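One structure below.
The values are calculated or read from the model by the stated rules, or taken from the named source; none is laboratory data. Source: prediction; values computed, not measured. All Cβ positions, glycine included, derive from the backbone under ideal geometry; neighbour counts span all protein chains shown.
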Amino acid sequence: MVGTLSDTRRHILLAGGGHAHAVALRLLASKPPAPHVRLTLASPSPYNLYSGALPGVIAGYWPVDAIAVPLQPLCTATGTNFIQDRVESISPDARIAHLASGKELRFDLMSLDVGSGIRDLNIPGGSKKIVPIRPIAPFLERWDSLLSHLETAKTRQTVLVIGAGLAGIEVSLALDHRLKSKRAASPQVCLVDTAPTIASECAHTLRRRLSRALQKAGIACLLQTRITNISGDTVTLSSGETVQADFIVNCAGSAPHDWIDQTGLKTINGRVEVDEYLRSTSHPHIWAAGDTAYFKPKPLAPAGVFAVRAAPVIAENIRRYSKNSEPYAFRPQSDYLKLVSLGRRRAIAEKFGITLEGGWVWNLKKSIDFSFLRQHSLPPGD
Ligand SMILES: Cc1cc2nc3c(=O)[nH]c(=O)nc-3n(C[C@H](O)[C@H](O)[C@H](O)COP(=O)(O)OP(=O)(O)OC[C@H]3O[C@@H](n4cnc5c(N)ncnc54)[C@H](O)[C@@H]3O)c2cc1C
């Protein structure tokens with residue numbers, strides 16, 4: 001058992017170094033909690049990859065290292081103990097987290113920011129061929145190996161992207177751009193979705209511009225279409241047609257990790273239901289934020305922007321917990337500036353249905369993303 005040493009300070013366990021915890025740690029570094037608490041961060045990786053700038057890695061504009069937020073320096077700056085391990089389950093009443101290594105961690109208070117995975121499509125024959133966009137690191141390994149194969153491949157490459165939401169559209173435009181810049185034979189990128197329109201959750205002004213960008217790139221959209229079977233490179237569609245695919249990416253929407261539902265915490269669609277203070281509605285000594293949480297007062301889309309906005313609340317409530325004072329409430333705005341990259345050093349901005357597009361929007365997105373990354377990439381500490 002880890003964490004039962006003679007230290008009598010209350011123990012706060014941060015599970016997952018996602019956007020919310022990384023930003024909260026940076027805020028705690030400049031304004032620390034009272035010394036009555038000690039903090040531990042458990043994360044399977046010493047880095048968190050910043051998904052907003054992922055399309056730029058896929059498109060070949062910057063390397064993966066450029067979008068990695070190193071968690072250890074943030075821990076060093078806040079006196080947080082870093083444990084490289086995955087939380088596999090929790091006994092919430094006993095206040096114990098069970099780690100993949102077999103270790104157990106006792107906590108007085110736990111905060112969950114373990115993000116999400118991608119909806120499993122259960123397509124017969126799909127498990128080997130379909131590459132989920134999350135977790136990001138294994139996706140990038142598969143993408144890199146396809147790119148190296150392209151150096152020698154003579155035939156035209158076909159890539160299918162499942163899910164025509166914002167992430168699927170950004171990813172398909174980035175893949176298309178990279179494939180075209182890599183070889184002469186024109187590749188075919190194709191978006192597949194069961195919905196009747198692309199980006200169905202977005203304002204129609206944004207949808208129109210995205211549709212134009214996809215058309216311009218020559219990306220085909222197979223809407224109201226489901227993949228029913230995959231055998232080798234042959235993909236069967238619900239229309240009965242078959243297509244050959246070299247690479248298939250699953251961007252079919254975020255899905256909570258299965259183990260969250262087994263914890264005994266109250267969940268809604270697999271996400272931890274939290275109140276306005278980000279506390280579990282069934283176990284208030286367990287908090288959750290970002291994609292892991294279902295915010296009961298006002299359900300939020302699983303977007304990094306809400307995880308980042310939850311961070312000051314987590315940091316402030318850790319300070320308040322350390323002083324036994326009342327918690328502070330999360331009041332997220334419902335709309336936010338959407339910046340969607342189009343893969344060709346162009347991007348679209350949308351807020352309240354008003355859209356703008358151009359190279360300057362791409363530069364703006366790049367500068368916002370990299371200013372976030374710079375702010376959270378502290379130099380290695382002692
Ligand atoms: C291609 C793409 C582009 C996107 N672009 C945008 C965008 O432009 N703007 C936007 O707002 N949103 C965007 N999103 C959505 C955004 O990525 C997520 O909403 C955001 O990452 C959620 O942040 P989080 O803090 O919940 O978790 P994350 O930042 O995803 O981090 C979760 C962390 O938990 C760790 N972890 C996982 N399981 C465990 C475990 N069992 N124990 C311990 N640690 C664990 C992981 O290693 C990871 O570091 C995009 C998503 C994709 C796929």
**Report entry** From the options Val235, Val243, Val159, residue that is within 29 Å of Pro124 (Cβ to Cβ), in a strand (DSSP E or B) and either touching a Lys or Arg at 6+ places or on another chain (Cβ under 9 Å) or of a type in the set (Gly, Ala, Ser) (or both)
**Finding:** Val235
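Residue-by-condition table, conditions (1) touching a residue at least 40 places away in the same chain (Cβ under 8 Å); (2) over 17 Å from the mean Cα position of the chain (by Cα):
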| position | (1), (2) |
| --- | --- |
| Pro132 | yes, no |
| Ile136 | yes, no |
| Leu147 | no, yes |
| Gly165 | yes, no |
| Gly168 | yes, no |
| Val171 | yes, no |
| Leu175 | yes, yes |
| Leu179 | no, yes |
Query - Tally of residues being polar (S, T, N, Q) and at pLDDT 95 or above across segment 243-253 - result: 1
**Report entry** Some residue of segment 300-314 being away from the ligand (no atom under 12 Å from the Cβ), at pLDDT 95 or above, of a type outside the set (Phe, Trp, Tyr) and assigned by TED's automatic domain parsing to the domain that holds Leu265
**Finding:** yes
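For every residue, the table says whether it meets (1) surrounded by 20 or more Cβ atoms within 10 Å (Cβ to Cβ); (2) among the β-branched types (Val, Ile, Thr); (3) not assigned by TED's automatic domain parsing to the domain that holds Ala203.
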| residue | (1), (2), (3) |
| --- | --- |
| Thr267 | yes, yes, yes |
| Ala288 | yes, no, yes |
| Ala293 | yes, no, yes |
| Leu342 | yes, no, yes |
| Arg345 | no, no, yes |
| Trp362 | yes, no, yes |
| Lys366 | no, no, yes |
| Asp369 | yes, no, yes |
Query raised in the report: Do we have any residue at all in segment 292-300 that's touching a residue at least 40 places away in the same chain (Cβ under 8 Å) and either out of contact with any helix residue (DSSP H, G or I) (no Cβ under 9 Å at 6 or more places or on another chain) or in a loop (DSSP other than H, G, I, E, B) (or both)?
Result: no
Report summary line: Exactly one of Ala349, Ala315 is more than 19 Å from Thr205 (Cα to Cα) and among the hydrophobic types (A, V, I, L, M, F, W, C), and that one is Ala315
Query raised in the report: Say we look at segment 159-213 and pick out the residues that are under 20 Å from Arg346 (Cα atoms) and polar (S, T, N, Q); which of these is surrounded by the fewest Cβ atoms within 10 Å (Cβ to Cβ)?
Result: Ser181
Requested in this report: Test Arg134 against the criterion of being closer than 22 Å to Asn48 by Cβ and either part of a loop (DSSP other than H, G, I, E, B) or of a type in the set (Asp, Glu) (or both), and give yes or no.
Outcome: yes
Query raised in the report: Taking segment 222-243 on its own, how many of its residues are touching a residue at least 40 places away in the same chain (Cβ under 8 Å) and buried (at least 18 other Cβ atoms within 10 Å of the Cβ)?
Result: 3
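Conditions tested, residue by residue: (1) without any contact (Cβ under 8 Å) to a residue 12 or more places away in the chain; (2) within 13 Å of the ligand (Cβ to nearest atom); (3) assigned to a strand (DSSP E or B); (4) in contact with a Leu (Cβ under 9 Å, 6 or more places away or on another chain).
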position	(1), (2), (3), (4)
Trp259	no, yes, no, no
His283	no, no, no, yes
Tyr321	no, no, no, yes
Glu326	yes, no, no, no
Arg344	no, no, no, yes
Glu350	no, yes, yes, yes
